[in-house]
Structures are given as C-alpha cells and as structure tokens.
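Notes for the one structure printed next.
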Amino acid sequence: FLREQVLSFVVELLPAGEYALSIFQDVNDDGKLERNFIGMPREPAGLSNNPRPKFGPPKYKDAKFAVAPGSVTEQKIELQ
C-alpha cells in the first residue's frame, strides 16, 4: 500500500495579495519537470487549489488564492 507523505513549509511576512503555487517532485533529479510529447507532466506535479486539467493545463484563475493582511493561509496540494 502507498503511504501518504507530507511536506510542509512556511512563508512568513508574505504581502497581502493574490498568489498561486506550483510544485513538482523531481524524480530523476535533473532540475526540470519532465513532460510527455503532448506536454503532460511525467513526474508528480500539483497546483494550489488542486485544479484538475481538462483540455490543456489548468488556468491561473483556478489555482489562485488570496492572502489577507495578517492572516494565516494554508494550501494542501496533491501531486498527480
């Protein structure tokens, strides 16, 4: 069975505003996200809000989130 692995990090003093996060696991340690011939990731990757691609890559509007002044904002990103 697969065990869920969690990586956490904190960004302090982030100015209020609109953001989106993109992460990937560099399985082969070459410093870049490997993609197949149509551009789909071949390594685990994810975006804030976990949008599911339909036709083409997810849009910024689907991954964006707001950070309010003095707030704590949490994002849980699932790698696909």
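The values are calculated or read from the model by the stated rules, or taken from the named source; none is laboratory data. Model, not experiment: these values are computed from the prediction. Virtual Cβ from ideal backbone geometry, glycine too; neighbours counted across all protein chains shown. Heavy atoms of the whole protein, side chains included, go into the accessibility calculation; ligands, DNA and RNA do not. Shrake-Rupley method; radii C 1.70, N 1.55, O 1.52, S 1.80 Å.
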Correct choice for Cα extents along the principal axes in Å that was computed from the model, options (i) 42, 30, 27; (ii) 37, 25, 19; (iii) 67, 22, 20: (i)
The chain - charge dipole about Cα centre, Lys and Arg +1 at Cβ, Asp and Glu -1, debye rounded to 20: 420
Residues of the chain: accessible area per residue with a 1.4 Å probe, Å²: 89
Portion, in percent, of the accessible area of the chain that falls on carbon or sulfur, probe 1.4 Å: 56
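For GLU18, GLU43, write out the residues from largest to smallest accessible area, computed with a 1.4 angstrom probe and no ligands counted.
Values: GLU18 100, GLU43 10 Å².
Sorted descending by solvent-accessible area, the residues read GLU18, GLU43.
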Average Cα contact separation per residue, the chain, under 8 Å, 6 or more apart, as relative contact order %: 34
